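Here is the structure we will look at, set down as structure tokens.
The values are calculated or read from the model by the stated rules, or taken from the named source; none is laboratory data. Bear in mind the structure is a predicted one, so any value in this text is a computation, not a measurement. Every residue, glycine as well, gets a Cβ built from its backbone with ideal geometry; the counts of neighbours run over all protein chains shown. Areas reflect the complete protein model, heavy atoms only, side chains present, ligands, DNA and RNA absent. Shrake-Rupley method; radii C 1.70, N 1.55, O 1.52, S 1.80 Å.
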Amino acid sequence: MHDDLQSRLIQSALVLFEENGFKNTTVNSIVTHSSSSKGGFYHHFKSKDELLYRIHESFINHVNRLVDELEKKELSPADNLDYILTHFIFVYDRYKAHITVFNDENKYLADEYKAEIVASRRKFKSAIEAIIIKGQQDGSFTSDIHPTVITMSILGMVNWMYTWYKPDGKMTLDDIAREMKTFVFNALRSHS
């Protein structure tokens, strides 16, 4: 029951933040939209800022679970990168609204949440960079490009999808994943 109310509040906030922006959305409007009460809201969130933080937490926790899953697998660097890229791109299937709202509205987030966000994002970035480094060390990826540049390019390319990906667009996520992976693996191809 509590999780259902929390989900309703988050879904209402996503709709209202997308329509009106974080600053122009009040707790009252979220409560009204979700058919809840202020008591219900404050039972789950101490503030609108915490709600925005939780929106971020839902999708970043999902991608960090991918890192945890990879640690249990014994795959080559290329297979690890393929796995993480595919699943990272498919985050947009489930969390596009979360990602869009967070990216558009995080400038309003209270400072108390910023360090936690940086730390949770660093885990995912570090995992990708470790895959690149391992692939460069074993010769399966080119060493011509610095691993941090490759990592940040991958993160930028996929993270920027929130501005242009349309679930009902001409390209499916399968199409996009295939194209992006072709691009990345062509760039990483070792010439030795």
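So here's what we get for this one:
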| quantity | calculated |
| --- | --- |
| Computed accessible area, Asp3, all protein chains, 1.4 angstrom probe, square angstrom | 110 |
| Sequence-distant aspartates and glutamates (8 or more away, or on other chains) whose Cα lies within less than 19 Å of Lys125 | Glu57, Asp68, Glu69, Glu71, Asp79, Asp82, Glu116 |
| Cβ-Cβ FRET estimate between Glu74 and Asn159, R0 fixed at 41 Å, reported to 0.05 | 0.90 |
| Coil-residue trypsin sites (Lys or Arg not before Pro) of segment 10-59, DSSP, other Cβ within 10 Å capped at 10 | Lys46 |
| Probe 1.4 Å - accessible area at Ser143, Å² to nearest ten | 80 |
| Spin-label model distance (nm) - Asn24 vs Arg94, 7 Å beyond Cα toward Cβ | 3.2 |
| Alpha-carbon radius of gyration plus Dmax, which is the widest Cα pair, for segment 51-146 in Å | 15.1, 45 |
| Using distinct alpha-carbon pairs, which all enter the 1/r mean, Kirkwood radius of segment 7-66 in Å | 11.7 |
| Carbon plus sulfur fraction of accessible area for the chain, probe 1.4 Å, in percent | 52 |
| Separation of alpha-carbon centers, segment 53-86 and segment 87-119, rounded to whole Å | 16 |
| For the chain, convex hull of alpha carbons as volume per residue, Å³ | 128 |
| Size of electric dipole in the chain: Cβ of Lys, Arg +1 and of Asp, Glu -1, about Cα centre, debye, nearest 20 | 260 |
